[in-house]
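The structure appears right after this line, and notes come after that.
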Amino acid sequence: MRGKWAAGIEPRNFNWVYRGRLAVSERPGGSTLVHRRVRRDEELLWLKHQGFTRIISILPVMQNLSAYGEHGLSASHYALRQGPDQQNALVVVYEDLHRSLSGTDVVLLHGDEVSDRLLGLVAGYLVWTGRVTSPTTAITMTERLFRRSIGTEGRSLLAELGSAAS
């Protein structure tokens, strides 16, 4: 491959949470309705060239796990579904993120799109790690970082973290 595509293309709605360590984007290749394998491969190539080593997905169904492995990226999948087990699932995601970031991994966290749910997960992680003590501050910081408001679904996900945020 030659030219400007040799290093791949940046995933859509890519944004660093912790520069050089944790980023968020929509699903490599695009969301479900517009997902393209060629684009996914180009975006995974870009991620690899940027030093990413791990992908954590919160898609309802994991469809790209083998593609991530083919590009030399380790991956985990956590289907965050509303319901009685969601709080436990959040903690498992946060623990995985914490382990990955405590080591040398550079992590991409993604959903089908950069949704309220994904942003609520990011804000919750800030509280869960203790880097931010107030959920309100975490929401404000996340909204500024992503230049958009977090709706009720993201806020409720953060609120559900409840006593696990310590």
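The values are calculated or read from the model by the stated rules, or taken from the named source; none is laboratory data. Because the structure is a prediction, the values reported are computed rather than measured. No Cβ is skipped: glycine too gets one built from the backbone with ideal geometry, and neighbour counts run over all protein chains shown.
Tabulated results
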| quantity | calculated |
| --- | --- |
| Residue in the range 86-117 that is surrounded by the fewest Cβ atoms within 10 Å (Cβ to Cβ), counting only those that are small (Gly, Ala, Ser) and free of Cβ contacts under 8 Å to residues at least 12 places away in the same chain | 102 |
| Pairs with Cβ under 9 Å, 6+ apart, first in the range 68-85 and surrounded by 12 or more Cβ atoms within 10 Å (Cβ to Cβ), second of a type in the set (Phe, Trp, Tyr) | 73/52; 74/68; 75/68 |
| Some residue of the range 62-76 being part of a helix (DSSP H, G or I) and over 29 Å from residue 8 (Cβ atoms) | no |
| Residue 159 vs. criteria out of contact with any helix residue (DSSP H, G or I) (no Cβ under 6 Å at 6 or more places or on another chain), surrounded by 13 or more Cβ atoms within 10 Å (Cβ to Cβ) and in contact (Cβ under 8 Å) with a residue 12 or more places away in the chain | yes |
| Selected residue (only one of 71, 77, 49 is touching a strand residue (DSSP E or B) at 6+ places or on another chain (Cβ under 8 Å) and either modelled with pLDDT of 85 or more or closer than 19 Å to residue 157 by Cβ (or both)) | 77 |
| Whichever residue in the range 144-156 is without any contact (Cβ under 8 Å) to a residue 40 or more places away in the chain and over 23 Å from residue 87 (Cβ atoms) and, among such residues, is surrounded by the fewest Cβ atoms within 10 Å (Cβ to Cβ) | 147 |
| Filter pass, residue 17 being in a helix (DSSP H, G or I), closer than 23 Å to residue 126 by Cβ and modelled with pLDDT of 90 or more | no |
